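The values are calculated or read from the model by the stated rules, or taken from the named source; none is laboratory data. Quick caveat, the model's predicted, so the values are computed rather than measured. With ideal geometry, Cβ positions are generated from the backbone for all residues, glycine too; neighbour counts draw on all protein chains shown.
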Amino acid sequence: MRLSASGQKWLKGMHLVAVACWIGGAVALPALYFLKPGATDGGVLYGMNQAAHHVDNWVVVIPGAFGCLLTGLAYSLLTGWGFIRHGWVILKWVTTLSAIIFGTFCLGPWEQAMVEISGRLGMGAVTDAAYLYNEQMNFTWGCVQVAVLLATVFISIFKPWKNLRKKSDR
């Protein structure tokens with residue numbers, strides 16, 4: 001089964017919305033880091049961490065990531081792009097799945113720990129070694145995640161390693 005040209009345009013639109021959500025949220029999360037030095041109240045610090053966690057889990061990042069995964073799956077199944085026909089598609093699958101797994105098992109737990117510690121300690125969290133570790137890991141690797149996601153966008157645009165079958169047939 002193949003999508004019509006109109007169906008492919010709708011799919012592309014949904015994919016772009018999902019990409020915008022994922023990358024937009026991924027940019028917003030490290031950006032919130034720069035607001036924390038202005039916090040003078042434990043409730044405000046906890047609120048910032050809670051807001052970041054909410055944006056991550058329910059508003060844009062996770063829905064955007066899974067939207068990319070699902071629309072990418074539809075692209076591979078319902079268009080001529082396939083799963084392994086083009087090197088750039090393979091790279092996008094590896095990158096997407098790796099980013100989702102890394103976000104789930106690393107970024108998410110670091111973020112959750114920051115919420116829990118700031119909720120328990122208030123402003124005391126800013127001197128707590130566990131909080132500072134989780135904050136630094138989340139910020140550093142969150143920025144790396146953003147860079148990887150942006151690189152994936154450009155892979156989609158430039159499509160390097162366009163057709164692996166044609167090259168292997170030579």
Those residues that are among the hydroxyl-bearing types (S, T, Y) and in contact (Cβ under 8 Å) with a residue 12 or more places away in the chain, I need them from region 1-35; list them, please. Y33
Across region 74-106, which residue is surrounded by the most Cβ atoms within 10 Å (Cβ to Cβ) among those that are more than 25 Å from G119 (Cβ to Cβ) and out of contact with any helix residue (DSSP H, G or I) (no Cβ under 9 Å at 6 or more places or on another chain)? L77
Within region 77-88, is even one residue β-branched (V, I, T) and more than 15 Å from V153 (Cα to Cα)? yes
Can you find a residue that is more than 13 Å from the chain's Cα centre (by Cα), polar (S, T, N, Q) and either at pLDDT below 95 or closer than 15 Å to V115 by Cα (or both) anywhere in region 45-55? yes
Pair list, Cβ < 7 Å and 6+ apart or interchain, from region 50-77 residues that are in contact (Cβ under 8 Å) with a residue 60 or more places away in the chain to residues that are outside any helix (DSSP H, G or I) and not charged (D, E, K, R): Y75/W81
Can you confirm whether G124 is outside any loop (DSSP other than H, G, I, E, B) and loosely packed, with under 15 Cβ neighbours inside 10 Å? yes
Going through region 66-86 in order, the residues found to be of a type in the set (A, V, I, L, M, F, W, C) and under 18 Å from the mean Cα position of the chain (by Cα) are F66, C68, L69, L70, L73
Breaking point among (1) in contact (Cβ under 8 Å) with a residue 24 or more places away in the chain; (2) part of a helix (DSSP H, G or I); (3) under 27 Å from G13 (Cα atoms), for I101: (1)
What are the pairs with Cβ atoms under 6 angstrom where one residue, in region 126-154, is more than 19 Å from A20 (Cβ to Cβ) and the other, located anywhere, is in a helix (DSSP H, G or I) and at pLDDT below 95? Sequence gap at least six, or different chains. F139/P30; F139/Y33
If you go through region 87-110 one residue at a time, do you hit one that is within 30 Å of W161 (Cβ to Cβ) and either among the acidic types (D, E) or over 21 Å from the mean Cα position of the chain (by Cα) (or both)? yes
If I ask for residues that are part of a helix (DSSP H, G or I) and either small (G, A, S) or over 17 Å from A52 (Cα atoms) (or both), which ones from region 145-159 would you list? A147, V148, L149, L150, A151, T152, V153, F154, I155, S156, I157, F158
